[in-house]
1. Expected output is a single nm value to one decimal: the length gained when fully extending between Phe20 and Thr270, i.e. 0.36 nm times separation in residues minus the C-alpha distance. What is it?
2. Give the residue list of chymotrypsin sites (Phe, Trp or Tyr not before Pro) in region 120-221 that are DSSP loop and have at most 15 other beta-carbon atoms within 10 angstrom.
3. For the pair Glu173 and Asp233, what calculated FRET efficiency results from E = 1/(1 + (r/R0)^6), where r is the Cβ-Cβ distance and R0 = 22 Å, to the nearest 0.05?
4. Taking GluC sites (Glu not before Pro) as exposed when DSSP calls them loop (any state but H, G, I, E, B) and at most 16 other Cβ atoms lie within 10 Å, what is the longest stretch of the chain free of them, the sites themselves excluded?
5. If only Cα atoms are counted, what is the Rg of the chain, and what is its Dmax, in Å?
6. Looking at the chain, what % of its DSSP beta bridges pair antiparallel, to the nearest 5?
7. Relative to the first principal axis of the alpha-carbon coordinates of the chain, what is the inclination of helix 136-147, with its axis defined by its Cα atoms, in degrees from 0 to 90 and to the nearest 10?
8. Using the reciprocal of the averaged 1/r over all distinct C-alpha pairs, how large is the Kirkwood radius of region 86-262 in Å?
Amino acid sequence: MAEFDGVADVKIFPTRCESFEQRVERAQGATAIINSRSYVVWREEEFEHLPDLRFISVCGIGTDSIDLESARARGITVSNIPGKTAPVVAEHAFGLMFAAAKRAAWYTEMTRKGEWVKKDGMFVSGKTVGIVGTGNIGAEMARMCNSFGMDVIAYTFNPSDERAERLGVRYVELDELMAESDVITIHTKLTPDSEKLIGAHEIGLMKPDAILVNVARGPIVDEAALVEALNEDRIGGAALDVFEEEPIPPDSPILSCEQVVLTPHIADMTPEGLDLLNQGVVENTLAYLRGSPINIVN
């Protein structure tokens, strides 16, 4: 690679790419792509039409929008931004937990309809929270929940006594976590091992008033099984920032569930979060152009 001389041509596309053709057309001739939205995918089909492409920086930690194996085979380096926005995302999850526990979305809808109705909410302090995935975001969530006086248990594919002590959590098996927790909050990354990790069996173990929070990736949860449990009042509620299909289709059954809080994959969308992400993708891209790539995931 030629040494970067500090000058680069930059293309900015302010509108979303709606099709394969748009993605390929806009990226023609690009050496580097900054992927700012998780639903803009880059697969083998796109790479075949982008012979100049050598680098992609994801504007976040998740890389499920990129075919990493195909990128590697074509000599395309992929970087992400690990850890920078963990406190921002965890705070969103913490807020979603309270919104669901206090039935905020349901009460808002009922009150707007003129229905002055009341149902029990959840007193969160002192309850058991089960954290699925204890990377940067899960660790930050554990810190917040511990500070609020919750009993924190956790599940991870690679538990260790040292990490458990450092985070103030007790590692348990997934079935035990699902059965014991008053709140389950998901922070693991999407991999073949974690896809549908929370399925009908796991949801069936939840307490009748337990809440499921997901700010990780939609496919980690079997959405159809979650909808069924919500519609049958077998669990207390859910709070979701991510979905199996994004943007969420207007006919998605989850939209008809009463005891849910929904946000459109915006857990890190605060001025502070966006500044951190923008800083991260610029650092990644400059490092690649200078010949010393960082945060490589493939």
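1. Details: separation 250, 0.36 × 250 = 90.00 nm, distance 2.94 nm.
Length gained, Phe20 through Thr270: 87.1 nm.
2. Numbers: sites: Phe123, Phe148, Tyr155, Phe157, Tyr171; in loops: Phe123, Phe148, Phe157.
Hits after loop and neighbour filter: Phe123, Phe157.
3. Details: r = 27 Å, r/R0 = 1.21.
Once rounded, the FRET efficiency stands at 0.25.
4. Numbers: sites that count: Glu3, Glu18, Glu48, Glu115, Glu173, Glu195, Glu232, Glu245, Glu258.
The reported range is 49-114.
5. 20.7, 68
6. Working: 1 of 32 bridges.
Restricted to the chain, the bridges split so that about 5 percent are antiparallel.
7. Tilt of helix 136-147: around 30 degrees.
8. Values: mean 1/r = 0.0618 Å⁻¹.
Computed over Cα pairs of region 86-262, the Kirkwood hydrodynamic radius comes out at 16.2 Å.
Values quoted throughout were computed directly from the atomic coordinates according to the rules given, and no laboratory measurement underlies them. In this text, all values refer to a predicted model and were calculated from it rather than measured experimentally. For neighbour counting, all protein chains shown are included, and Cβ atoms are generated from backbone atoms with ideal geometry for every residue, glycine included.
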